[in-house]
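Each remark here refers to the structure printed beneath this line.
The values are calculated or read from the model by the stated rules, or taken from the named source; none is laboratory data. Everything quoted here is computed from the prediction, not taken from an experiment. Virtual Cβ from ideal backbone geometry, glycine too; neighbours counted across all protein chains shown.
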Amino acid sequence: MHRKLNMPERERQSHPLFTHIDVTPSASNSNPPESIPGLLSELVTSQKRQNELLEQLIQQMHATQRQRANELGQWKQANPRLARRCRDAAETLGQIQTQFLETVTEEISDNADVMMDGEFMLNEFVDRFGPRLAHLNGVLQVLSQLSAMPVTSDGP
């Protein structure tokens, strides 16, 4: 017995993927035109506040940087001999770092295929050179900061 389905029954039996979507605009979903200028005004106000906060943050960062530079300058004035020795040590350590980097790059070139194919060799390489390179860079950075020539700026 074949029965003809009317439209509502067909819709109920259709796959849930196919649903009815209303694309007509309704008064409750749209913003009245007079609220758009208000929203834009709020957006501009928020942007101005964000800019003010960013300016304050930059000023704070500059103040902290100036304070550190002043403290470092005072330390250098109080310890001129040590500052010169730090400069000499930084230059020597820079040369040592260059030689060390030559060794590291040679090691990478010589073992590139092995390191790419096996995790063991890569880990061995990192364990062998990583900590030494990190510590060397740290010491060189400290010596460079302590021996750097003072920077004078007339900015804020």
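Data table
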quantity	calculated
Flag if Met121 is assigned to a helix (DSSP H, G or I), surrounded by 12 or more Cβ atoms within 10 Å (Cβ to Cβ) and without any contact (Cβ under 8 Å) to a residue 24 or more places away in the chain	yes
Met115, sole failed condition from (1) over 30 Å from Glu55 (Cβ atoms); (2) modelled with pLDDT of 90 or more	(2)
Test: residue in region 89-102 that is surrounded by 13 or more Cβ atoms within 10 Å (Cβ to Cβ) and not in a helix (DSSP H, G or I)	no
Output for region 44-74, where each listed residue is within 30 Å of Leu136 (Cβ to Cβ) and either of a type in the set (Asp, Glu) or assigned by TED's automatic domain parsing to the domain that holds Leu140 (or both)	Glu71
Unmet requirement for Asn70, which otherwise passes all of (1) without any contact (Cβ under 8 Å) to a residue 60 or more places away in the chain; (2) closer than 30 Å to Glu55 by Cα; (3) surrounded by 12 or more Cβ atoms within 10 Å (Cβ to Cβ)	(3)
